[in-house]
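Please read the structure below before turning to the comments.
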Amino acid sequence: MLVFFDLGGVVVDVNLNWARQAWARSTAQAPTEFNRIFLDSGLKDLIDRGQLSADAAIERVQQASETPVSAEQIRSCWSACLRKRPSSTRLVHEVARKSRCAVLSNTDPIHSAWLEANTGINPAIEHWVYSYQCHALKPEPEIYRFALEQLKIPATQALLIDDRAENIAAARSMGMDTIHFDRLDQVVSALAARDLLAVSWQP
């Protein structure tokens, strides 16, 4: 069995308000400017799908910004929406004692760099699969096929842990086992029932 972990809402918390606030502090621009540049422009979808590289996305932000902004400011502000969950980090490491583990996430190349450097799960992860690598987002079937091909496993030997119902439904339609992440204790129980976690384990 190989366990695919989603990231946002599972391994890390994601809150775009944190990024808006970071943008306002760093650039002295209104938080609404963050929305205009990153969200309303469609930039987020383009980089999540790998239709823009990180460098090209940064250049677009610099062109759209009302004031000069450095590449480092952009990377820092964009990644400010992410915060790790220590309990989930411990969970991933514990599952890795019994199973192969990988990441399957709708993520862009800027966020992926932060996630691999800061979540603390890198030693437990065999492979990081991101939407920008295959130009498809969950719940589109292409990203699941890509992930299974990358890990060289059939769907019947894969388990996805994800917080979004539509992603869970799509994985099931591909033949994968799934756990819908609602609460950590519920996921712990579901993993223990599959013998992927000790029943006595506590986050």
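Laboratory data are not the source of any read-out in this text; all were calculated from the coordinates shown. The model shown is predicted, which means the values in this text are computed figures rather than measured ones. Every residue, glycine as well, gets a Cβ built from its backbone with ideal geometry; the counts of neighbours run over all protein chains shown.
Given the options Gln157, Val95, Trp78, identify the residue whose Cα lies farthest towards the positive end of the charge dipole of the chain (+1 on Cβ of Lys, Arg; -1 on Cβ of Asp, Glu).
Comparing the listed Cα positions along the dipole, Val95 ranks first.
Given a Förster radius of 30 Å and the C-beta distance between Arg172 and Val199 as r, what FRET efficiency does 1/(1 + (r/R0)^6) yield to the nearest 0.05? Working shown, then result.
Values: r = 25 Å, r/R0 = 0.84.
So the FRET efficiency works out to roughly 0.75.
Can you give the charge dipole size of the chain about its Cα centre, rounded to the nearest 20 debye, using +1 on the beta carbon of Lys and Arg and -1 on the beta carbon of Asp and Glu? Walk me through the intermediate numbers first.
Working: 21 positive and 24 negative charges, 87 e Å.
The calculation lands at about 420 debye.
Using Cβ contacts closer than 10 Å as the measure, can you line up Phe181, Phe34 from fewest to most? Intermediate values should be presented prior to the final figure.
Numbers: Phe181 21, Phe34 24.
So the residues, fewest neighbours to most, are Phe181, Phe34.
Rg (Å, one decimal) plus Dmax (Å, integer) for the alpha carbons of segment 84-134?
10.9, 31
Can you tell me the dipole magnitude for segment 14-79 around its Cα centre, using point charges on the Cβ only (Lys, Arg +1; Asp, Glu -1), in Debye to the nearest 20? Mind showing how you got there, number by number?
Numbers: 7 positive and 8 negative charges, 32 e Å.
Rounded to the nearest 20 debye, it is 160 debye.
Just one of [x] 29, 22, 13; [y] 48, 20, 14; [z] 32, 18, 13 is semi-axes √(5λ) of the Cα gyration tensor in Å calculated from these coordinates, so which is it?
[z]
Test of understanding: express the Cα radius of gyration of segment 14-79 as a ratio to 2.2 N^0.38 Å, with N the residue count. Write out the running numbers ahead of the final one.
Numbers: Rg = 10.7 Å, N = 66, 2.2 N^0.38 = 10.8 Å.
So segment 14-79 has a normalised radius of gyration of 0.99.
Can you return the lysines within cross-link range of Lys98? Criterion is Cα-Cα under 30 Å, with same-chain partners fewer than 8 residues away left out.
Correct list for Lys98: Lys84, Lys138, Lys152.
So, in nm, how far is label Glu149 from label Ala30 when the simple model puts each one 7 Å beyond its Cα toward the Cβ?
4.6 nm
Grab the Cα-Cα distance for Lys44 and Ala71, subtract it from 0.36 nm times how many residues apart they are, and report the gain in nm with one decimal.
Working: separation 27, 0.36 × 27 = 9.72 nm, distance 1.62 nm.
Gain on extension, Lys44 to Ala71, equals 8.1 nm.
Once each part is reduced to its C-alpha centroid, what is the distance from segment 183-203 to segment 131-171 in angstrom?
22 Å
Most fluctuating residue of Ser88, Ser189, Ser79 in a GNM of the chain with Cα springs under 10 Å: which is it?
Among Ser88, Ser189, Ser79, the largest GNM mean-square fluctuation belongs to Ser189.
What aspartates and glutamates sit close enough to Lys44 to cross-link, taking a C-alpha to C-alpha distance under 15 Å and skipping anything fewer than 8 places away on the same chain?
Straight-line reach from Lys44, under 15 Å: Glu33, Asp55, Glu59, Asp108.
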